[in-house]
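Here's the structure, in structure tokens; my notes come after.
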Amino acid sequence: MALMLLAVTACAQQSATPVTLKQLLNNVTSRAPQLLTDSAAISIRQAQAAEVKSNWLPNLKLNYQTDVGTSNNVVGAYFGFGIVPSSSSGVHTTNVTTAASTNLGIADLDWEVYNFGAYGAANKVANSDINVEQNNFAQSKYQLQAFTIGNYLQLLRLQDFLTIQARDIQRNLEIRRSIESLAKSGVRAGVDTSIAEAALSKSRLNYIELENQFKQVQLQLSTLSGIPYPSIIPDTTTDATLISQPPALMASLDTSNHPIINFYRSVYQNSLQREDLVKKQYNPKISLEAAAWDRGSSIDAADHYGSLGSGFGFDRDNYLVGIGISYNLFDLRRRHLKLNTQKASTDYALKKLQEQQQLLAASANEADVELITAQQRLQEIPNQLKAANDGYRQKLSLYRSGLTDIIELNAALNILYTAETDYAQAKYSYANALFEKAVTGNQLNQILNILK
């Protein structure tokens, strides 16, 4: 039953149409939740930039009111506090309680026409914010591509391990059948059957564990790509295609234009723009002020109180236009303090940029060393694999002839199993090192172009 289950699983994987790495990356780029979120963040920055761009618009207020009440005034100035009603009539010799009606219409313009570059600096910061989000999106996309590739290579590795494990189960079954045949004829002791059964059970358990790991990676990729996880079967030709490519293919690395470097560079430039904004937002402000208003009152020029209805028409027109300049002397201190804070942020952004440049350079060197080592492994392991396979076949033949015991046969089987897994690991290590070098050197598309 177990053998049948393994056969069905293997056939299902072979019959399924493989998903190529390019297909998977295309799905991840268009459907990954993280990228959809980062894309929405760009829209927010663009909306904020449009909002900042409109800061130069003037304030033009239209006001109208009609009132009924008394009109008494006294000499003396006061702060209105925004709650004391105004009474603009003259001072009466007595307290007058007769009601009067008034109305007032005002058009008021307040326009900060020039602020010595503060508008322009604010717009540059807003556009720089958009650039930071766009570079953050590009960085997230690039890192997500690297994550997807890493998991795809893991699928290839686990698929190789599953194939090796299935072969190991077949070999253990073959050994058990031989032992059972020899035990029935009295050539072998029954204990050999127990040892073989234990080895077979362990091999099956390993297969179950590998299959679980394979499905876990499939689920991760399914979440990113939207492809149903059972359909994510890797293309087994990927390893061979990558191994056939010389490392010199990526001789020209481009770390200066790397998405990660571009992101931190844009953060640094954004901080510099904010410094400029701090310098200019405390500059003097030149404003255009204009107002036009009409008034009407039921009290005439001789201080006679007419009917309430006579106060609802306009009988006085006025306008006022002026240009003013305002500057708060204490803004000099505020600008100094805020500029020091912003310069500290700029220095931090610069150090983060330099840190990432150094990390990328170190990663590129590490990838070179790993790639060379992986090549050396691939050159040597076929010798190990051939010797291990020959040794196992010889031990199996000797065991069947009664010239060796089950312990030595199992030892030869383990050596063959190790050689096969070492070869699968070597293929994975080479492909992974190749992509690590490509990701570090901003040459990912160059590698992807050689795949289907």
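The values are calculated or read from the model by the stated rules, or taken from the named source; none is laboratory data. Given the structure is predicted, the values throughout are model-derived calculations rather than measurements. Methodologically, a virtual Cβ is constructed for each residue, glycine included, from the backbone with ideal geometry; neighbour enumeration extends over all protein chains shown. Only protein heavy atoms, including side chains, enter the accessible area calculation; ligands, DNA and RNA are left aside. Shrake-Rupley method; radii C 1.70, N 1.55, O 1.52, S 1.80 Å.
What the chain shows is 56 Å² of accessible area per residue, with the surface traced by a 1.4 Å probe over protein heavy atoms. By accessible area, using a 1.4 Å probe on protein heavy atoms only, the chain has 56% of its surface on carbon and sulfur.
Judged by the mean number of other Cβ atoms found within 10 Å, the most tightly packed of the peptides 213-222, 120-129 leads the ranking 120-129, 213-222. Each Lys and Arg Cβ is given +1 and each Asp and Glu Cβ -1; about its Cα centre, the range 143-292 then shows a dipole of about 200 debye.
In the structure shown, do any of Lys141/Lys343; Lys53/Lys279; Lys280/Lys343; Lys141/Lys279; Lys285/Lys343; Lys124/Lys338 have a Cα-Cα gap over 26 Å, and if so which? In this structure, Lys141/Lys343; Lys141/Lys279 exceed 26 Å between Cα atoms.
Its relative contact order, with pairs defined as Cα atoms under 8 Å and 6+ residues apart, puts the range 35-188 at 32 percent. Candidates Gly306, Ala118, Ala198 compared by Cα position along the dipole of the chain: farthest toward the positive end lies Ala198, with charges placed on Cβ. Extension gain, Asn73-Lys343: 0.36 nm per intervening residue step, less the Cα-Cα distance, totals 91.7 nm.
Dipole of the chain computed with +1 at Lys/Arg Cβ and -1 at Asp/Glu Cβ about the Cα centre; of Ser266, Asn318, Ser178, farthest Cα towards the positive end is Ser178. The C-alpha atoms of the chain define a longest principal axis, and helix 33-53 lies at about 20 degrees to it. Sequentially through the range 411-422, phi angles give Karplus couplings (6.51, -1.76, 1.60; θ = phi - 60°) of 5, 5, 5, 5, 5, 5, 4, 5, 5, 5, 5, 4 Hz, Gly and Pro residues having no value and appearing as x. Rounded to the nearest 10 degrees, the inclination of helix 331-400 to the longest alpha-carbon principal axis of the chain is 10 degrees. With r as the distance between the Cβ atoms of Asn365 and Ile44 and R0 = 35 Å, compute the FRET efficiency 1/(1 + (r/R0)^6) and round to 0.05. The calculated FRET efficiency here is 0.35. When Rg and the Kirkwood Rh are both derived from Cα coordinates, the Rg/Rh ratio for the chain amounts to 1.35. Extension gain for Ala411-Phe312 works out to 24.5 nm (0.36 nm per residue, less the C-alpha to C-alpha distance). Relative to its Kirkwood radius, the Cα radius of gyration of the range 201-296 gives an Rg/Rh of 1.43. Electrostatic bookkeeping for Leu288 treats Lys and Arg as +1 and Asp and Glu as -1; over the other residues with beta carbon under 12 Å from its beta carbon, the sum is -3. Of Arg295, Arg171, Arg177, the residue with the largest accessible area leads and the full order is Arg177, Arg295, Arg171 (1.4 Å probe).
Once the Cβ-Cβ distance of Thr66 and Trp111 is raised to the sixth power relative to R0 = 25 Å, the FRET efficiency obtained is 0.30.
Dipole of the range 329-435 computed with +1 at Lys/Arg Cβ and -1 at Asp/Glu Cβ about the Cα centre; of Tyr430, Tyr348, Leu409, farthest Cα towards the positive end is Tyr348.
With helices as the sole contributors, the chain gives -23000 deg cm²/dmol at 222 nm; each DSSP H run of n ≥ 4 counts as -39500 (n - 2.57), and the sum is divided by every residue. Relative to the longest principal axis of the Cα atoms of the chain, the long axis of helix 190-225 lies at roughly 20 degrees.
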